[in-house]
Amino acid sequence: MIVSLIIYFSIEHPIRFRTWNGRFVNRVINETLESINVKVQHGAREKPFTSTPILDLKNAVVNVLSPGNHYWFRVSLFCNEVDCPGAIEAFTSPMFQLSTGEVLNIIKINLNNSELISKDHGENEDIRAVIHWRVRFWPTSFIFRSQYVTWPSPARFFSSAALTLVRVLRGSNALISKGGEPLIGIINDADFKGFVKDLVFNTEVLSMRVRRLMINLGRGRRLPAFNGVAEYVTYTDRPGLFRLLLDVANAYGVGKNRALGLGYVNVDVLGQHLLR
């Protein structure tokens with residue numbers, strides 16, 4: 001189950017961000033969840049949500065909020081970790097007033113409530129595919145063995161999306177199958193890890209236009225990151241499961257500090273060539 005809310009809002013008084021605006025979004029989400037008695041631990045490694053930064057209607061990250069303009073952000077919830085119906089009700093308030101005094105006037109909220117479905121069923125068992133796909137990255141930071149990875153690495157992308165998929169399916173009754181064999185039962189085992197490794201080996205970066213950034217998280221913390229666009233080509237014998245990983249990345253983002261609005265991506269499949 002994927003539950004995401006896109007929240008459009010305006011403000012009455014200017015707000016200037018001296019640090020990464022995802023910290024402000026994080027505060028909005030935390031205080032909203034606290035209103036339904038969900039306390040998010042500050043130091044917790046995994047938060048029950050991911051978010052985007054605040055963007056304007058041209059999808060640009062903003063440093064200043066001005067009266068008269070409209071802005072938006074998205075929050076994506078892990079429903080096996082938080083009461084999604086209660087959270088949705090809390091987020092559909094006409095106004096958010098923070099403990100520090102800022103007020104967001106809600107214009108509209110778009111709710112995406114969708115099931116995770118893989119179409120790798122028996123009749124497609126022998127189908128392989130070459131898939132051409134593109135990712136637009138807003139500020140994103142990957143990490144590998146304590147090292148920051150500030151380019152659109154397909155290995156880090158798949159690793160992050162796969163870990164998120166496992167997290168979404170944890171305790172779920174969702175069925176992902178190949179030839180009627182459920183994958184959910186082996187999702188933490190080598191079979192699934194082998195699938196991800198196979199994707200990494202069979203993926204090439206066709207092009208990329210990226211810019212390296214240094215994100216100011218406040219209190220002296222600075223995080224290396226990047227943004228931009230990359231195109232890839234992937235060969236796989238599990239096109240349905242591959243597309244599922246892309247859906248998860250679209251819904252929850254990828255990489256580090258996603259509860260602070262980092263790792264927001266937009267993934268598009270540009271073409272798919274089936275091989276029998």
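The values are calculated or read from the model by the stated rules, or taken from the named source; none is laboratory data. Owing to the predicted nature of the structure, the values given are computational and were not obtained by experimental measurement. Reconstructed Cβ throughout: ideal geometry from the backbone, glycine too, with neighbour counts over all protein chains shown. Accessible surface is based on the protein model in full, side chains and every heavy atom, while ligands, DNA and RNA are left aside. Shrake-Rupley method; radii C 1.70, N 1.55, O 1.52, S 1.80 Å.
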For the range 195-276, the percent of all C-alpha pairs falling in each 10 Å bin, from 0 up to the bin holding the max distance, is 14, 41, 30, 11, 2, 0
For the chain, the count of lysine pairs 8 or more apart or interchain whose alpha-carbon atoms are under 26 Å apart comes to 15
For the pair residue 134 and residue 60, the simple spin-label estimate (label points 7 Å beyond Cα toward Cβ) gives in nm 2.0
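Between residue 39 and residue 205, what's the calculated FRET efficiency when r is the beta-carbon distance and R0 is 35 Å? Round to 0.05. Numbers along the way, then the final one.
Details: r = 41 Å, r/R0 = 1.18.
Step by step, r from the Cβ atoms, then E = 0.25.
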Taking protein heavy atoms only, a 1.4 Å probe, and rounding to whole percent, the accessible area of the range 128-275 owed to carbon and sulfur comes out at 49
Taking a probe of 1.4 Å and leaving out DNA, RNA and ligands, the chain shows per residue an accessible area in Å² of 50
With -39,500 (n - 2.57) per DSSP H segment of 4 or more residues and division by the full residue count of the chain, the 222 nm estimate, nearest 500 deg cm²/dmol, is -7000 deg cm²/dmol
Once residue 146 and residue 268 are pulled to full extension, the length gained, defined as 0.36 nm per residue separation minus their Cα-Cα distance, is 40.9 nm
Per residue, the convex hull enclosing the Cα atoms of the range 10-81 spans a volume in Å³ of 105
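At 4 °C and a viscosity of 1.567 mPa s, what translational diffusion coefficient does Stokes-Einstein give for the chain, taking Rh as the Kirkwood radius over Cα pairs? Give it in µm²/s as a whole number.
Working: Rh = 19.7 Å.
In µm²/s, the coefficient rounds to 66.
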Binned at 10 Å starting from 0, the alpha-carbon pair-distance distribution of the range 128-275 in whole percents comes out as 11, 41, 34, 13, 2, 0
In whole Hz, the Karplus estimates of ³J(HN,Hα) for the range 48-62 (6.51, -1.76, 1.60; θ = phi - 60°; x where Gly or Pro) are x, 7, 10, 8, 9, x, 7, 10, 7, 6, 9, 6, 9, 5, 10
